[in-house]
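Working notes, beginning with the structure itself.
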Amino acid sequence: MKDLVEVIAKSLVDYPDEVTVIKNEKEKVIILELRVAQSDMGKVIGKQGRIAKAIRAVVKAAASKEEKKVIVEIMQ
């Protein structure tokens, strides 16, 4: 999951070296914190949050086999 979010985010932004994904795992929940450069926030979120929703949908589909809930948080 972490690698998937990282690859998607790096393909969207101008500064791919500043993309970091931190994975926090609890019992049935995986939280992925995505951090990008301040100037790239709009590119990751998209108009009306459409790109962020698409990233979350792809990760949710990929996580369906693991029977865990995956939350993608976009941090500043």
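Every number in this text was worked out from the coordinates using simple rules, so none of it is lab data. The structure presented is a predicted model; accordingly, all values stated were derived computationally and were not measured. FYI the Cβ positions are ideal-geometry reconstructions off the backbone, even for glycines, and counts take in every protein chain you see.
Pairing the Cα long axis of helix 2-12 with the longest principal axis of the chain, what angle in degrees results, from 0 to 90 and rounded to the nearest 10?
Value to nearest ten degrees: 20.
With a cap of 15 neighbouring Cβ atoms within 10 Å, and only residues DSSP puts in a loop, list the trypsin sites (Lys or Arg not before Pro) found in the chain.
Qualifying residues, ordered by number: Lys26, Lys28, Lys68.
Taking only C-alpha pairs under 8 Å that are 6+ residues apart, what is the relative contact order of the chain in percent?
34
Between the helical axis of 50-63 and the dominant principal axis of the chain, each derived from Cα atoms, what acute angle in degrees is found, rounded to the nearest 10?
So the helix axis and the longest Cα principal axis differ by about 30 degrees.
Quick check: convex hull over the Cα atoms of the chain, volume per residue in Å³, rounded to an integer? Show your work: numbers first, answer last.
On the way: hull volume 5.8 nm³, N = 76.
Considering the Cα atoms of the chain, their hull volume per residue is 76 Å³.
Could you check the simple spin-label distance between Ala37 and Lys53, using points 7 Å along Cα→Cβ, in nm with one decimal?
2.8
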